[in-house]
Amino acid sequence: MFPPPPLPSILRDLITANHILHHASIVDGYGHISIRHPAQPSVYIMAGYLAPAIVSTAEDMIEYHIADGAPVDPNAKKGYSERYIHGEIFKRFPGVHCVIHSHSEAVIPFMVAGVPLRPAFHMAGFLGESVPTFDITPLYTPTSQRDMLVNSVPLGAALASHFAAPAAPADSALPDNLVVLMRHHGFTTCGESIQDAVFRAIYTHKNAAILSSAATLRAAHGLEAGGLDYLSEQETEGCRRMNEATADKAWRGWVEEVRAVSLYRNVMIEDEKQKE
Ligand SMILES: [Zn+2]
């Protein structure tokens, strides 16, 4: 594990990651990405109350204490109500440096239909053999507003507990499973870096779309229900390693894709270009 990049470059990448996730339909007006502060591991950073497509400057970001989700600056502007998803995963796993929460329209049907999400192709080995589902409903009290939002420390902790502790904590500070589905809501993933987490978010979404297409094809051809051909256990593990080794290539391409779309502005990149 390399030391995290310095704050300016990680903030620049965090802004771009907001755009990449929007461009890939992982987030729309909702959904979010956060990073652990590279110099203060008890603090995390994410955009304020903004749609991800229009996040554009370091001033759009808010710093929060991992301990309780309170802003470091008590006068900070309004933030996302679901920031506790992020804080509680950072609290539980010291090796996690980025968390992404999505309402992916490709992934949600799997929970609605009660169909397991399993790796269908080689870009999704990181999904592992099975992906757990978090159900918020049993946590509600009679007076709860049942809006599915993970908007408190206890709800965030309950979600984070679905990321399994590694079998050998000395070897890994990441969870054993890197994706958790959220019933009637979406999914959350994480990584050691922005690049790793963005890769997992995008390919969780793509893997779900592929499985749905395959199930539709089977139904259209009158084949019996089920019968989808998933990666084997050994293939899943081999592909997971390959995914981790190649995510940087995809990231560099996605950075250029969003730079070419005028909707997305990253003032930190513009300032870098002006200084060159
Ligand atoms: Zn949400």
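Excluding ligands, DNA and RNA, the accessible surface per residue across the chain is 48 Å² with a 1.4 Å probe.
Counting only protein heavy atoms and a probe of 1.4 Å, the accessible surface of the chain is 56% carbon and sulfur.
The accessible area of H184, taken with all protein chains in place and a 1.4 Å probe, comes to roughly 100 Å². Mean separation of Cα pairs under 8 Å and 6 or more residues apart, divided by the residue count, gives the chain a relative contact order of 23 percent.
Report the local net charge at I15: Lys and Arg +1, Asp and Glu -1, summed over other residues whose C-beta lies under 9 Å from its C-beta.
0
Using a/c under 1.5 as the rounded threshold, could you call region 92-168 rounded, prolate or oblate? The axes a ≥ b ≥ c are square roots of the C-alpha gyration tensor eigenvalues, and prolate needs a/b larger than b/c, oblate otherwise. Since a/c reaches 1.5 but b/c is at least a/b, the shape of region 92-168 is classed as oblate. Over region 7-266, one equal point on each Cα, no solvent: what is log10 I(q)/I(0) by the Debye formula at q = 0.07, 0.08, 0.10, 0.12 Å⁻¹? The Debye formula, applied to the Cα set alone, gives -0.23, -0.30, -0.48, -0.69.
Of the whole protein surface, L223 contributes about 90 Å² of accessible area at a 1.4 Å probe radius.
What's the angle, to the nearest 10 degrees (0 to 90), between helix 7-23's Cα axis and the longest principal axis of the chain? The two axes meet at around 40 degrees. Loop-located trypsin sites (Lys or Arg not before Pro) in region 89-155 (DSSP state not H, G, I, E or B) with no more than 12 neighbouring Cβ atoms inside 10 Å: R146. Can you tell me how region 91-229 classifies by the Cα gyration tensor, rounded, prolate or oblate, using a/c under 1.5 as the rounded cut? Taking the square roots of the gyration eigenvalues as a ≥ b ≥ c, region 91-229 is oblate.
The values are calculated or read from the model by the stated rules, or taken from the named source; none is laboratory data. All of these numbers come straight from a predicted model, not from anything done at the bench. In this analysis, Cβ positions are derived from the backbone assuming ideal geometry, glycine residues included, and neighbour counts consider all displayed protein chains. Accessible surface is based on the protein model in full, side chains and every heavy atom, while ligands, DNA and RNA are left aside. Shrake-Rupley method; radii C 1.70, N 1.55, O 1.52, S 1.80 Å.
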